[in-house]
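Only one structure is covered here, and it is reproduced in the block below.
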Ligand SMILES: [Zn+2]
């Protein structure tokens, strides 16, 4: 049967070539979303296969995280950076869903998703989300969810404060800047649950820290964290 399916796939791709999201070259059988060359060039972390990895360590002493992983490392000129730019600034929600689905398959096969019950995208500032028309972290969460069929809930963790730019601040100022930024609605629905916060890029970790702390403040929960990319300086 798989032989027939392969022929059918080849036949379909004659008319609808599947293209690599990063370089637009035609995908061959067995490749999904990204071609093998781009995948190899992507500086993937494999954090999802390692406990106490660098990203988990970056949160030690800041917030209680069960597991943390990021697909790739984010630096100037990196392919993941270009893709995330398209996702955030060019309306390419499909990029979030496709990369989310791809990463979701890695997370699932590595056992990272075990016990996770609800996916929670990092909320955007509501005014920014209205302008953009969507929350890119929700697109990524939906991609991961399509692989694991878990619920994606944007109505539990909400952004009720406003923060300025994080990049020019010191660590304490950044913490002060995001403290109280997030509020948990319907806390009864997350009691005893293992939640997974989903972000696009983890730059300083302050936003995630505030999300995780807000969720813990709301009750008895476990919280894990995933992102498409992590800034290189957080993994050194
Ligand atoms: Zn490619």
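Observations
- A Förster distance of 22 Å, applied to the separation of the beta-carbon atoms of residue 233 and residue 185, puts the FRET efficiency at 0.10.
- Value of Rg to Rh for segment 178-225, rounded to two decimals, is 0.95; Kirkwood radius and Rg both from alpha-carbon coordinates.
- Listing 206, 137 from fewest to most neighbouring C-beta atoms within 10 Å gives 206, 137.
- Sequence of 47, 59 once ranked by neighbouring C-beta atoms within 10 Å, starting from the fewest: 59, 47
- Cα gyration tensor category, rounded, prolate or oblate, for the chain with a/c compared to 1.5: prolate
- Between residue 44 and residue 75, the simple spin-label model (points 7 angstrom out along Cα→Cβ) gives 1.9 nm.
- Nearest 10 degrees, 0 to 90: helix 206-217 Cα axis against the chain principal axis: 70 degrees
- Using alpha-carbon coordinates, inclination of helix 93-109 to the longest axis of the chain, degrees: 90 degrees
- Ranked by how many other beta carbons lie within 10 Å on average, peptides 138-151, 28-41 from highest: 138-151, 28-41
- The angle between the Cα long axis of helix 79-89 and the longest principal axis of the Cα atoms of the chain comes to about 70 degrees, rounded to the nearest 10.
- The chain, relative contact order [Cα under 8 Å, separation at least 6], %: 22 percent
Read-outs: derived from the displayed coordinates by stated rules, not from any lab. Just so it is clear, the structure is predicted and the values come from calculations on it, not from any experiment. All Cβ positions, even for glycine, are placed from backbone atoms using ideal geometry, and neighbour counts span all protein chains on display.
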